[in-house]
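Inspection log for the structure reproduced underneath, given as structure tokens.
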Amino acid sequence: MLGDMGSSRSKTLPGYLTGQLLVAMPGMTDKRFEKAVIYMCVHSMDEGAMGLIVNKPLRDVRFGDILQNLNIQPRADNCANIQVHRGGPVQTQLGFILHSADYHKGGTLLVDSEIALSTTTEILKAIAEGTGPHRNLMALGYAGWDSRQLDEEIKRNAWLNVPADADLLFSEDYDNKWDKAIAKLGIAPHMLSSTAGHA
């Protein structure tokens, strides 16, 4: 159910977009990424990139249902409020927990000093018991790019990249997250051109 990040254990991943927000330009032609805000978990020009969409909640999937399917009994009151997101079009049956770095165990990737990514059922059990990370969101599937593919898309003006912050990342104001991400650049969405990029 949860994604497999191989044998990686509690390490930080390099890459100039790692830990950034990738924001779809207004002229994005791929409807799967229209007005998408993606938190970049991994970026390497040689090995590719991986991120999770953080502003496309799934209306028909609940966190409690996922716990029930895994025979995990929720004890914490906040479990009912955890939103499951459409993390991306790749391997949509896999689950990922993006969370604050106050929780990290074996199988946790520290993206930076504030944000981490886990894919084990152990973190689901911790969240269900109220001992998990302070902030978190769950995503099914992910957005992935092959080597240098994302860099080419940025050159073609498909994406903007902006600094991430935990308040925006974990905000439940999903309808306005795209606008707020662009506002971090100090520009209004209507000022963006489809012919000039920002990489």
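Would you tally the residues in segment 66-86 being in a helix (DSSP H, G or I), among the aliphatic types (A, V, I, L, M) and within 19 Å of His134 (Cα to Cα)? Reasoning before the result, please.
Here is the first cut: in segment 66-86, the residues in a helix (DSSP H, G or I) are 66-69, 77-81.
Right, trim to among the aliphatic types (A, V, I, L, M) and you get 66-67, 80.
Still in the running and within 19 Å of His134 (Cα to Cα): 67, 80.
Total meeting the criteria: 2.
Could you tell me which of the residues Lys125, Lys105 is in contact (Cβ under 8 Å) with a residue 12 or more places away in the chain, in a loop (DSSP other than H, G, I, E, B) and more than 30 Å from Gly27 (Cβ to Cβ)?
Residue meeting the stated conditions: Lys105.
Right, Tyr142: closer than 19 Å to Met40 by Cα and in contact with a Gly (Cβ under 6 Å, 6 or more places away or on another chain) or not?
Working: closer than 19 Å to Met40 by Cα: yes; in contact with a Gly (Cβ under 6 Å, 6 or more places away or on another chain): yes.
It is true that Tyr142 is closer than 19 Å to Met40 by Cα and in contact with a Gly (Cβ under 6 Å, 6 or more places away or on another chain).
Evaluate segment 119-127: report whether one residue or more is touching a strand residue (DSSP E or B) at 6+ places or on another chain (Cβ under 7 Å), within 19 Å of Glu172 (Cβ to Cβ) and surrounded by fewer than 22 Cβ atoms within 10 Å (Cβ to Cβ).
no
Restricting to segment 32-53, give me the number of residues that are closer than 22 Å to Asn157 by Cβ, touching a residue at least 12 places away in the same chain (Cβ under 8 Å) and in a loop (DSSP other than H, G, I, E, B).
Selection size over segment 32-53: 3.
For segment 158-186: of the residues being assigned to a loop (DSSP other than H, G, I, E, B) and among the charged types (D, E, K, R), which is nearest to Leu117 (Cα to Cα)?
Step one: of segment 158-186, the residues assigned to a loop (DSSP other than H, G, I, E, B) are 158, 164-165, 170-173, 184-186.
Then keep just the ones that are among the charged types (D, E, K, R); that gives 165, 172-173, 184.
Working: Asp165: 15, Glu172: 19, Asp173: 21, Lys184: 24 Å.
Per the stated criteria, the residue is Asp165.
Take Asp151 and decide whether it is surrounded by fewer than 18 Cβ atoms within 10 Å (Cβ to Cβ), free of Cβ contacts under 8 Å to residues at least 12 places away in the same chain and outside any loop (DSSP other than H, G, I, E, B).
Working: surrounded by fewer than 18 Cβ atoms within 10 Å (Cβ to Cβ): yes; free of Cβ contacts under 8 Å to residues at least 12 places away in the same chain: no; outside any loop (DSSP other than H, G, I, E, B): yes.
Taking the combined requirement at face value, the residue does not satisfy it.
Of (1) out of contact with any Lys or Arg (no Cβ under 6 Å at 6 or more places or on another chain); (2) modelled with pLDDT of 95 or more; (3) farther than 23 Å from Asp179 by Cβ, Gly87 satisfies all except one. Which?
Of everything listed in (1) out of contact with any Lys or Arg (no Cβ under 6 Å at 6 or more places or on another chain); (2) modelled with pLDDT of 95 or more; (3) farther than 23 Å from Asp179 by Cβ, Gly87 misses just condition (3).
Here's the yes/no breakdown for (1) buried (at least 23 other Cβ atoms within 10 Å of the Cβ); (2) at positive phi; (3) of a type outside the set (Asp, Glu); (4) touching a helix residue (DSSP H, G or I) at 6+ places or on another chain (Cβ under 9 Å):
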residue	(1), (2), (3), (4)
Met50	yes, no, yes, no
Gln73	no, no, yes, yes
Ala80	no, no, yes, yes
Ile97	yes, no, yes, yes
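I'm told Ile66 meets every condition in (1) at pLDDT 95 or above; (2) of a type in the set (A, V, I, L, M, F, W, C); (3) surrounded by 15 or more Cβ atoms within 10 Å (Cβ to Cβ) except one. Can you identify the failing condition by its number?
(1)
The values are calculated or read from the model by the stated rules, or taken from the named source; none is laboratory data. A quick note: this is a predicted structure, and the numbers were derived from the prediction, not measured. A quick note on method: Cβ atoms are made from the backbone with ideal geometry, for glycine too, and the neighbour counts reach across all protein chains shown.
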